[in-house]
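J.: Below you will find the structure I want to go over with you.
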Amino acid sequence: MLEKRFGRQFEKLITVITCELWYPKTLWEVLILKTDRFQAFSDGIFAILITILVLEFHIPDYQPGHLLAALLAQWPLILSYVFSYFYVGTLWLFHHDYFNMLQRIDRNVNMLNLLMLFSITLLDYPMSLVADALTTGNRQDMQTAFIVYDLVALFISATFYFMYAYLHHHQDLKKPGISMAFYAAIKFDPVRSVTIYGLAIVATFWSVWLGAILLAGGIIFHFLAYLRMSRQLEQAKGGTA
């Protein structure tokens, strides 16, 4: 059902783009875009990524009567999938709520969004690496897999910081009533998460499991930061009601 919804949004987006190519508008109208197209494209990318994550599941090889044991042996894949799904879901919530405060976007926001989406689509690869390394149990492989995941997560957080900073300096793109206090309340969240993932990388060289705990802590921090940002947005809306 989710894929059908985003499929319709993609069709609408393609139709709009085709019409604009045939009936070009002024340069200003082309560069200043409505947010519904922006959101439709981004939602479609998130939907595709979540679908790709679940495609990592395959029926395991097993002897008759030993299916349960074969399924239990897939715990690394299940665990890495749960965390990655939770992570992607939290990023989508961030993206959805944060960009709903915009009344329009410009070319630079589009470019920063593409960079952000690129970083997020990388998540499937480290998820597979972590699952495979945990299955083999080799310490060196687990170190490598967790560090790759940390680097991707750090990259994602950095793209959010770039977006936050750009929109802070372009208040005209935001809806009326979104004050500077909103940015002040959330501006250091991406920096904090980058710090957590940086510490996770360092810790992984000393202890794989400590590094894994910090990685998980970084993902949980994203969710807590989202809840705080959501409250800030509600307060901003309430202040203008």
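J.: Looking for something part of a helix (DSSP H, G or I), modelled with pLDDT under 85 and surrounded by 17 or more Cβ atoms within 10 Å (Cβ to Cβ) - is there at least one such residue anywhere in segment 15-35?
T.: Here is the first cut: in segment 15-35, the ones part of a helix (DSSP H, G or I) are 15-22, 27-31, 35.
Okay, now just the ones that are also modelled with pLDDT under 85, so 15-22, 27-31, 35.
Right, trim to surrounded by 17 or more Cβ atoms within 10 Å (Cβ to Cβ) and you get 35.
Yes, segment 15-35 has at least one match.
J.: Sticking with this structure for a sec: Output the residues belonging to segment 95-139 that are surrounded by 15 or more Cβ atoms within 10 Å (Cβ to Cβ), closer than 16 Å to Ile45 by Cβ and without any contact (Cβ under 8 Å) to a residue 40 or more places away in the chain.
T.: Leu122
J.: Test Ser84 against the criterion of being under 18 Å from Leu55 (Cβ atoms) and crowded, with 19+ Cβ neighbours inside 10 Å, and give yes or no.
T.: yes
J.: If you check Ala145, Ala153, Ala203, Ala212, which single one turns out to be in contact (Cβ under 8 Å) with a residue 40 or more places away in the chain, farther than 23 Å from Asn108 by Cα and of a type in the set (A, V, I, L, M, F, W, C)?
T.: The match here is Ala212.
J.: Okay, moving on. Any idea which of (1) surrounded by 18 or more Cβ atoms within 10 Å (Cβ to Cβ); (2) in contact with a Pro (Cβ under 9 Å, 6 or more places away or on another chain) is the one Leu173 doesn't satisfy?
T.: With respect to (1) surrounded by 18 or more Cβ atoms within 10 Å (Cβ to Cβ); (2) in contact with a Pro (Cβ under 9 Å, 6 or more places away or on another chain), Leu173 is out only on (2).
J.: Of the residues Val191, Val148, Val202, which is more than 19 Å from the chain's Cα centre (by Cα), among the β-branched types (Val, Ile, Thr) and assigned to a helix (DSSP H, G or I)?
T.: It is Val202.
The values are calculated or read from the model by the stated rules, or taken from the named source; none is laboratory data. Here the structure is a predicted model, which means the values were calculated and not measured. Here the Cβ is made from the backbone with ideal geometry for all residues, glycine too, and neighbour counts use every protein chain on show.
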